[in-house]
1. Check Val137, Val116 and return the single one that is at pLDDT 95 or above and touching a Lys or Arg at 6+ places or on another chain (Cβ under 9 Å).
2. Would you pick out the residues in region 43-52 that are part of a strand (DSSP E or B) and over 13 Å from Ser81 (Cβ atoms)?
3. Are any of the residues in region 52-64 buried (at least 18 other Cβ atoms within 10 Å of the Cβ), under 30 Å from Gly135 (Cβ atoms) and assigned by TED's automatic domain parsing to the domain that holds Ser132?
4. Can you find a residue that is of a type in the set (A, V, I, L, M, F, W, C) and over 23 Å from Val36 (Cα atoms) anywhere in region 210-217?
5. Given the criterion surrounded by 15 or more Cβ atoms within 10 Å (Cβ to Cβ), assigned to a loop (DSSP other than H, G, I, E, B) and not small (Gly, Ala, Ser), identify the matching residue among Glu31, Glu40.
6. Within region 101-129, track down each residue that is out of contact with any Asp or Glu (no Cβ under 9 Å at 6 or more places or on another chain), closer than 17 Å to Gly149 by Cα and either free of Cβ contacts under 8 Å to residues at least 24 places away in the same chain or assigned by TED's automatic domain parsing to the domain that holds Gly291 (or both).
7. Hey, could you check region 52-75 for residues that are of a type in the set (S, T, N, Q) and in contact with a strand residue (DSSP E or B) (Cβ under 7 Å, 6 or more places away or on another chain) and say which is farthest from Ile94 (Cα to Cα)?
Amino acid sequence: MPLLYTSNADDGSVSVVNTDSGTAEAITGFERPSAVSFSELGNHLLVCSLRSVQLVGASDSRVFGTIRAGRPSGAAISSDSRQVVVAFRDSDDIALFTSRGEERARIKVGKAPASVVFSPSRNATLVAVANSGDGTVSLVDLKQGKALGRPVKVGTEPVALAFAPDGSFLFVADRVDNTVTLLDIEADPKVLATFKVGDGPTAVTVNPTGFQACAVNSAANTVSFIDVETMQVTSTVQVGSNPSGVVFDPAGARAYVTNSGDNTITVIQPPTGPDPGKAGGTLPTGKRPTGITLNPAS
């Protein structure tokens with residue numbers, strides 16, 4: 001029974017959506033939440049809101065930790081739930097916190113960082129940051145407390161990031177250039193390919209199989225699927241109004257896309273599935289769903 005969680009900006013809630021029954025329950029009390037993500041074990045949910053980042057227990061839906069340190073533009077939780085990294089667009093830096101909200105470090109990155117993600121392969125020591133103000137990506141070693149080398153130029157306004165499951169590649173969505181850039185970060189970070197997608201991509205994710213990426217084209221009301229092996233955009237699927245977030249199920253058999261314009265989630269069979277590229281119904285959410293995540297333990 002996969003459980004989806006969406007951040008709903010207009011009613012200050014997080015929806016818990018049962019994909020089997022098609023029903024949704026609400027966790028309330030957030031201030032314009034914009035993004036959600038889970039720890040690898042599925043025990044802790046991270047909610048990024050207007051003026052705080054909160055940690056929520058998956059078992060009881062209660063907030064057990066709150067980080068208040070300005071206006072966060074993005075946040076990520078480590079696989080072991082012990083570390084939280086928050087990006088701050090206004091100060092051009094990221095901050096490292098414990099799960100109890102204690103700040104451990106501030107690290108300068110590029111201009112106007114919009115999002116941050118942990119690498120799945122570096123034992124919670126490496127994060128990538130999309131710097132929307134200067135068109136770059138910063139790779140940051142949290143153990144050393146500094147950015148690794150110079151930021152990598154990827155476009156005009158990168159806003160979203162997703163690592164491949166093995167951590168060797170990074171996908172970057174640029175909402176001005178209408179592209180997804182693929183970076184090889186194993187040695188010296190370099191651009192391997194740039195894919196033209198739909199208008200205004202604001203989110204990107206990678207299929208757990210590692211062979212496919214999906215970009216959400218908010219201005220076009222579509223999603224684009226990218227085949228990593230052939231280096232081609234293989235299909236574009238119509239979804240709802242103003243899509244904003246996407247996540248795959250653990251098997252990679254379905255993609256779930258939040259539609260902030262009509263308060264729904266579109267369910268899609270990826271191009272490699274039994275009914276390729278087909279939108280297969282919708283699920284309910286709260287008002288103006290933005291981010292989406294799936295509890296890996298559900």
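1. When all the criteria are applied, what remains is Val137.
2. Correct list: Val47, Cys48.
3. Yes: region 52-64 contains one or more residues that are buried (at least 18 other Cβ atoms within 10 Å of the Cβ), under 30 Å from Gly135 (Cβ atoms) and assigned by TED's automatic domain parsing to the domain that holds Ser132.
4. yes
5. When all the criteria are applied, what remains is Glu40.
6. none
7. Ser61
Residue-wise test of (1) assigned by TED's automatic domain parsing to the domain that holds Ser73; (2) surrounded by fewer than 20 Cβ atoms within 10 Å (Cβ to Cβ); (3) modelled with pLDDT of 95 or more; (4) in a loop (DSSP other than H, G, I, E, B).
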| position | (1), (2), (3), (4) |
| --- | --- |
| Gly149 | yes, yes, no, yes |
| Ala162 | yes, no, yes, no |
| Asp166 | yes, yes, no, yes |
| Thr181 | yes, no, yes, no |
| Val204 | no, no, yes, no |
| Glu229 | no, yes, no, yes |
| Val233 | no, yes, yes, no |
| Val246 | no, no, yes, no |
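The values are calculated or read from the model by the stated rules, or taken from the named source; none is laboratory data. Because the structure is a prediction, the values reported are computed rather than measured. Note that each Cβ is placed from the backbone with ideal geometry, even for glycine, and that neighbours are counted across all protein chains shown.
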